[in-house]
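Just below is one structure, and these are the notes that go with it.
A short reminder: the numbers here are calculations on the coordinates, not readings from a lab. Everything numeric in this text was worked out from a predicted model, so none of it was measured. Note that we place each Cβ from the backbone using ideal geometry, even for glycine, and neighbour counts take in every protein chain shown.
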Amino acid sequence: MTAPFPAPPGAPLGAPVVDAVPLDASVDGPRPGDGRRAWRDRLTRARWPLAVAATLVVGSLVFLLVTPSTSSTPYAPDNPKPDGAMAVAEVLRSEGVRVSHVRTTTDLERRARPGATVLVLDDHLMTTEARDVLLASGADLVLADPQSTLVTSASGGAIARHPQSAPPTVLTAGCTDPDAATAESILAGGRGFTGDASSTLCFPTGSTTDAGEPLFAVASTTTAAGARVTALASRDLVTNAAILDEGNAALALRVLGRTGSLVWYQPIEVLAEEEGDGGVSLLDLLPGPAEQMLWLAGGVMVVAIVWRGRRLGPVVAEPLPVVVRAGEATRGRARLYRRGRAHGHAAAALRAATADRLARRTGLPRSASGPQVVDAVCRATGRRAAEIGELLYGPPPADDAALVRLTQMLDQLESEVDRT
């Protein structure tokens, strides 16, 4: 990069300025192989950082591949904990049932259709839109521990739920329904159901309504559109902790595996009046491995910051490995000017320095103009103004010989001012 040399003190505004020689000009030209050698040096220095980065990437991929996609959401089909339902979901998959875990209204609308079974959990979190989508889907519904309004709407009024609750106990089928008859008995509790003549009621809980009607833990009916609706008094029937109790597994597998497609619906869209903001957290929308990937990426970032981060400590004064004398620097700069044939730039530097020294010696300030410097030097030396102006502010020399003559004349002028 070139930069114009500063104009001498007092130079006219229109005075020409000659570009300097590039300060980064090399003494010797590039040699063959320098570029390849530089790249090899960079790769050698970056060998360990690249190895560490590759190890982290490979380790991350292996971690993601071998780590199963699980969650800790209660009653979720990918939760292996006691409150999860991974066991029954995996058995259904092994039997050829496609299990889809759905949490949003959009996904529910896309997957719930005639010929599929929708298991509804946590229906108290459903929005009105999701409830409408569910009821209009035409799919078979399995409502686990449902709200009374949902079970009544889904069954067309054939099934009703009551507030009377029974503790978990062993219940016998007590009906001819094939699913209940296969299970024979279950361990369940919760609020029971009643139904009209079109419904099938199984597993009496031993509790009754205020009117004396018996309550049942399982109720089912077929709607006018041909969809089957099954209501379960307790969600615990499908959990890993209770699936092996009594005939819970037989009942759950038959009810949920009736069709070849099971939509496992756990809504996360909370009504505004229930949660205030009505929003869904970002973590709830992420897939199973995403949280693990975020933690892993955060750990890699911390390691990279500790490893490559700038460490600012106290300023330490170190001795210079080489001391360059001022005269050597001056001669080196002169050689650069000569090699670049920058006669004008060198002359401008000499004239500017001479004019500055002459102004100080004649008592002029640094802001003095060119004519003021010429007038003061004329009075000190007795020379003509045109001669002094030509010497200090004239055109640049054309060659080395002219530059040498100019240098000698400037030195002579300074010596004359010093004598006076």
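The peptide list 334-341, 213-220, 190-197, put in order of mean Cβ contacts within 10 Å with the highest first, becomes 213-220, 190-197, 334-341. Net charge near Arg258: determine it from the other residues with C-beta under 14 Å of the C-beta of Arg258, scoring Lys and Arg +1 and Asp and Glu -1. Spelling it out: positives minus negatives among the neighbours equals -1. Equivalent-ellipsoid semi-axes for the range 86-271 (Cα gyration tensor, √(5λ), whole Å, largest first): 24, 19, 15. For Ala158, the shell of other residues with beta-carbons less than 13 Å away shows a net charge of +1, using +1 for Lys and Arg and -1 for Asp and Glu. All C-alpha pair distances within the range 328-419, sorted into 5 Å bins from zero, spread as 2, 14, 25, 23, 17, 11, 7, 1 percent across the bins. Working note: Karplus 6.51/-1.76/1.60 with θ = phi - 60° gives the range 198-210 the couplings 7, 9, 10, 10, 9, 6, x, 8, x, 9, 9, 6, 4 Hz, where Gly and Pro are set to x. A protection proxy built from the mean count of other Cβ atoms within 10 Å ranks the segments 104-111, 115-122, most packed first, as 115-122, 104-111.
Spatially, the range 191-260 and the range 320-372 are offset by 101 Å when compared through their Cα centroids.
Each peptide among 199-207, 247-255, 94-102 gets the average number of other Cβ atoms lying within 10 Å of its residues, and from highest to lowest they stand as 247-255, 199-207, 94-102. Taking all C-alpha pairs of the range 83-182, those more than 22 Å from each other amount to 41 percent. With K and R counted +1 and D and E -1, the other residues having a Cβ less than 11 Å from that of Leu201 yield a net charge of -3.
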